[in-house]
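What follows is one structure encoded as structure tokens, with my remarks underneath.
The values are calculated or read from the model by the stated rules, or taken from the named source; none is laboratory data. Since we're looking at a predicted model, the values are computed, not measured. Backbone-built Cβ (ideal geometry, glycine too); neighbour counts: all protein chains shown.
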Amino acid sequence: MEVDHLADERSKAQFDVEEMKIVWAGSRHAFQVSDRIARLVASDPAFQKDHRARLGRKELFKNTLRKAAYAWKRINELRLTEEEASRLRFFVDEPAFTDLHWGMFVPAIKGQGTEEQQQKWLPLAHKMQIIGCYAQTELGHGSNVQGLETTATFDPQTDEFIIHSPTLTSSKWWPGGLGKVATHGVIYARLLTNGQEHGVHGFIVQIRSLDDHLPLPGITVGDIGIKFGSGAYNTMDNGVLRFDQVRIPRNQMLMRVSQVTREGKVVQSDVPRQLVYGTMVFVRKTIVGDASNALSRAVCIATRYSAVRRQFGSQKGGLETQVIDYKTQQNRLFPLLASAYAFRVVGEWMEWLYTDVTQRLKANDFSTLPEVHACTAGLKSLTTSATADGIEECRKLCGGHGYLHSSGLPELFAVYVPACTYEGDNIVLLLQVARFLMKTVSQLGSGKKAVGTTAYMGRVEQLMQCRCDVQNAEDWLKPSIVMEAFEARATRMSVACARNLSKFGNQEEGFLELSADLVEVAVAHCQLIVVSKFIEKLQQDIPGKGVKNQLENLCSVYALNILHKHLGDFLSTGCITPMQASLANDQLRSLYSQVRPNAVALVDAFNYTDHFLSSILGRYDGNVYPKLYEDAWKDPLNDSIVPDGFHEYVQPILKQQLRNAKL
Ligand SMILES: CC(C)(COP(=O)(O)OP(=O)(O)OC[C@H]1O[C@@H](n2cnc3c(N)ncnc32)[C@H](O)[C@@H]1OP(=O)(O)O)[C@@H](O)C(=O)NCCC(=O)NCCSC(=O)CCCC(=O)O
Ligand SMILES: Cc1cc2nc3c(=O)[nH]c(=O)nc-3n(C[C@H](O)[C@H](O)[C@H](O)COP(=O)(O)OP(=O)(O)OC[C@H]3O[C@@H](n4cnc5c(N)ncnc54)[C@H](O)[C@@H]3O)c2cc1C
């Protein structure tokens, strides 16, 4: 019989884990779908992934193609819904060209194509009769989208656009799926008609032949090379692409935002130009949800292992202390556990926000777009930075064994870290939030109401003066007190920055000079959003014994840990006193003690299969040592006792030493 080494931990839980699984999944339906699909993937040997790090790039890549094809076959055979298919790709857990096809190419056409264009291209994409990528970034420019150099020049003679790469730096560089697989791409290029420039737009361009997969005339395309980490993101063919006067029909410019007429006239719709950036809003909101997936996975591994691992503290020959019982371990681990839950909640809220803005855009209401852009950009930045750092912290929390590939953490880290860069560099995105905040502050006196996530700024006078009410540690558990402290901190930092900015004659110069402070303002605002959405979630009725109580503890851990990490902000703006800061710390310690008996059950609620975690340290049954020992012997280096190269290189040195000794 299988022994559950963590059974004792599981028996300590003070809440209904099954109900928490439903909260984590979002709904009973979502849980059932996820659970079924996760098991389906885990039980299919074709989706095995533990050998990835040992494969060379070519073999690795071919293997990814095989898996993606097999996944597509299963999706069709089982007639999976869109939701189920997307869960299947998620649990297969291997970056592939399909991510960009479904995640960016299709949404770009949906968001920026006219009805007619959608009708033409989407069915082809949905049946995978064409495979698309999203080719925006170039060798010379990624963040600065307006700086892109690829040109799309309208030729009225032939009613075509000529797509061209005029410089080396205009080569498309990075798009996933482009390197070896994509047949088509949404290509971003500067629109030129009648000798005039009209900014960057998206164009559907065929890259490779649908017969023999060779690049079409005028196209040079390939992979950009090996990336960070073994296995990891190297399953993806990030590509380079150059155009030499490639012609496409006029109707392949995505024309929802602007149209080019037969005569070459550019006509703007009543849709704002910013919608050209719409796909990025969509993907950024998805990335927020993904952050909770990646962080929860790392936290699940580190929590289970911390309960298995014992070090020091044995008394009278008894068991040593489980490392999870050290306060320092809890102080590093539990805020990450809380963050995983917090990002889940905020990811769910983002789904709502996105649905809301999409409906408004359909009805030609563009009023919330700037705020939605600020939210998606800011939360993408906040959650991915915290997750990347969190995965690395989880590796350290697992001591030496965390550095083994079989811990699952190195590969997770290597796959995850580019999220801090792609879809907008995190600092560049925070500066977008800061711009939005400075605009909001500057309009406060003008009668324009601060809305949505900035509504709190409408109470600027109160928030500039309020004094924190905390008298004892438990006061820090009150949502109203926490909210006020975070709102006051964000408001005071914003107002202080706006005042500093106003000292500059030239606003842009001031913005550049103060950009480091502005980033901190944006972080304060985004942390407030997370705290407030978590608190809002707790106002709802949440069924299941003890479930709500656990979430309340985690919410407090999230907020008070941030307060502790950013004490400088809270103290220097006079939002709280040093005594209140110390009380917050006392409360945090006490919360750790409450989380401790529930920790393993709280990560069980993620419902991850061992296949998905692919971590010996994070095994559900906690049977770590025998499995680590077994795994070591499976390494190809142990296939032979004396390694290749020993006789050739090492033995001569040893022999030389012997000869020297005899002399
Ligand atoms: C940094 C900016 C935002 C700068 O834009 P800009 O036009 O040069 O300058 P600006 O004056 O600051 O902005 C003009 C205006 O546009 C607004 N705006 C900017 N972005 C958006 C948006 N997404 N939605 C809605 N509105 C947006 C701004 O707020 C400005 O509005 P305003 O004039 O102030 O009212 C932009 O260039 C940008 O988004 N850069 C990041 C590039 C990026 O994210 N690339 C992603 C490539 S695809 C990828 O990485 C795939 C990932 C792969 C994977 O998932 O695996
Ligand atoms: C794994 C991966 C997959 C990708 N997939 C795709 C894809 O499918 N399609 C696609 O089009 N692109 C893709 N990209 C490209 C990606 O979107 C860009 O790399 C990203 O937007 C960052 O742009 P950059 O490389 O130009 O960075 P840079 O802007 O050159 O950043 C370099 C440094 O400059 C700083 N910086 C830049 N501008 C400012 C500023 N205004 N103020 C202060 N600091 C600044 C940044 O913070 C950073 O520290 C991918 C990238 C990666 C790593």
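Observations
- From the options K172, K180, K227, residue that is under 23 Å from G113 (Cβ atoms) and not small (G, A, S): K172
- Hits in segment 67-105 - residues which are away from ligand 2 (no atom under 13 Å from the Cβ), outside any loop (DSSP other than H, G, I, E, B) and either more than 23 Å from Y608 (Cα to Cα) or charged (D, E, K, R) (or both): K67, A69, K73, R74, N76, E77, E82, E83, E84, R87, R89
- Residue that is farthest from ligand 1 (Cβ to nearest atom) [pool: residues in segment 125-156 that are of a type in the set (A, V, I, L, M) and assigned to a strand (DSSP E or B)]: A152
- Scanning segment 213-241 for residues that are of a type in the set (D, E, K, R) and surrounded by 19 or more Cβ atoms within 10 Å (Cβ to Cβ) gives a single hit, D237.
- Pairs linking a residue in segment 232-250 that is farther than 21 Å from Y422 by Cβ and assigned to a strand (DSSP E or B) to a residue that is of a type in the set (S, T, N, Q) and within 16 Å of ligand 1 (Cβ to nearest atom), with Cβ atoms under 6 Å and 6 or more positions apart or on different chains, are R242/S171.
- Test: residue in segment 205-221 that is touching a residue at least 40 places away in the same chain (Cβ under 8 Å), more than 30 Å from E411 (Cβ to Cβ) and outside any loop (DSSP other than H, G, I, E, B): yes
- Annotation: G199 fulfils all but one of (1) within 16 Å of ligand 2 (Cβ to nearest atom); (2) on the phi > 0 side of the Ramachandran plot; the unmet one is (1).
- When the criteria are applied in full, L588 fails the requirement of being among the hydrophobic types (A, V, I, L, M, F, W, C), buried (at least 19 other Cβ atoms within 10 Å of the Cβ) and under 25 Å from M350 (Cβ atoms).
- Within segment 407-437, considering residues that are among the charged types (D, E, K, R) and buried (at least 21 other Cβ atoms within 10 Å of the Cβ), the one nearest to ligand 1 (Cβ to nearest atom): E423
- Pair list, Cβ < 7 Å and 6+ apart or interchain, from segment 416-429 residues that are assigned to a helix (DSSP H, G or I) to residues that are within 6 Å of ligand 2 (Cβ to nearest atom): P418/Y233; V428/S143
- Qualifying helices (runs of 4 or more DSSP H) (wholly inside segment 483-597; at least 1 residues being within 22 Å of R435 (Cα to Cα) and out of contact with any Ser or Thr (no Cβ under 9 Å at 6 or more places or on another chain)): 507-513, 515-538, 567-572
- Members of segment 105-142 found to be touching a Ser or Thr at 6+ places or on another chain (Cβ under 6 Å), crowded, with 17+ Cβ neighbours inside 10 Å and either within 25 Å of F366 (Cβ to Cβ) or not aliphatic (A, V, I, L, M) (or both), listed by number: P107, A108, G111, E138
- Filtered residue count, segment 106-115, keeping only those that are assigned to a helix (DSSP H, G or I) and touching a residue at least 24 places away in the same chain (Cβ under 8 Å): 6
- Count of segment 385-408 residues which are more than 16 Å from the chain's Cα centre (by Cα) and not in a loop (DSSP other than H, G, I, E, B): 13
- Listed by first and then second residue, the pairs linking a residue in segment 88-99 that is on the phi > 0 side of the Ramachandran plot to a residue that is buried (at least 21 other Cβ atoms within 10 Å of the Cβ), with Cβ atoms under 9 Å apart and 6 or more places separating them unless they lie on different chains, are D93/V41; D93/V415; D93/F612; D93/S614.
- Every pair of residues 6+ apart whose Cβ atoms lie under 8 Å, when the first sits in segment 140-164 and is over 13 Å from Q252 (Cβ atoms) while the second is within 16 Å of ligand 2 (Cβ to nearest atom) and at pLDDT below 95: V145/Y277
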